[in-house]
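Some notes on the structure that comes next.
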């Protein structure tokens with residue numbers, strides 16, 4: 001895989017590098033009754049941005065193009081994401097978390113709770129099911145990643161950007177034309193189970 005450092009030709013290309021993950025879905029394949037959905041696509045991509053910071057923390061090049069080393073690294077990481085996730089579970093967990101956020105956004109958007117008459121009375125009642133609370137930290141240790149390349153100090157930064165409702169854009173929705181999602185839904189449906197075996201609030 002192409003790494004940022006292996007693609008770096010000159011320390012000058014090592015301005016403040018910023019990489020971040022965001023959802024990357026081809027589409028949501030939805031049945032005609034809108035009760036079953038398949039999330040199609042890899043799910044996660046790595047994006048890049050180059051910055052140079054001047055006096056007063058002002059960006060010197062807010063419209064700068066992403067450098068070639070940074071672009072190559074982000075593209076390679078995205079392409080190899082499934083293999084990376086298989087080797088390092090934290091990336092698989094992030095993909096699962098993103099999938100769950102998109103599913104939750106879809107549940108809310110389609111009002112599935114309202115359509116099935118579920119009000120979540122127990123789950124939202126603090127007297128019956130209190131939420132465990134912890135003391136919010138007031139101070140945390142500072143952590144910095146940095147590397148010298150020649151006489152330049154490289155300090156990458158980044159994070160995760162999640163706006164799950166963007167995956168629900170009508171342009172990203174696709175009809176279940178071949179019926180594969182509907183068939184999978186029917187196969188997953190539980191038939192003839194004793195209602196006492198289910199716990200619900």
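None of the figures in this text is laboratory data; all of them are computed from the coordinates on show. Computed from a predicted structure; not experimentally measured. Methodologically, a virtual Cβ is constructed for each residue, glycine included, from the backbone with ideal geometry; neighbour enumeration extends over all protein chains shown.
Could you sort the peptides 169-176, 41-48, 136-143 by per-residue average Cβ neighbour count (10 Å cutoff), highest mean leading?
Listed from highest to lowest mean packing, they are 41-48, 169-176, 136-143.
Once fully extended, how much extra length lies between residue 131 and residue 90, figured as 0.36 nm per residue of separation less the alpha-carbon to alpha-carbon distance?
12.2 nm
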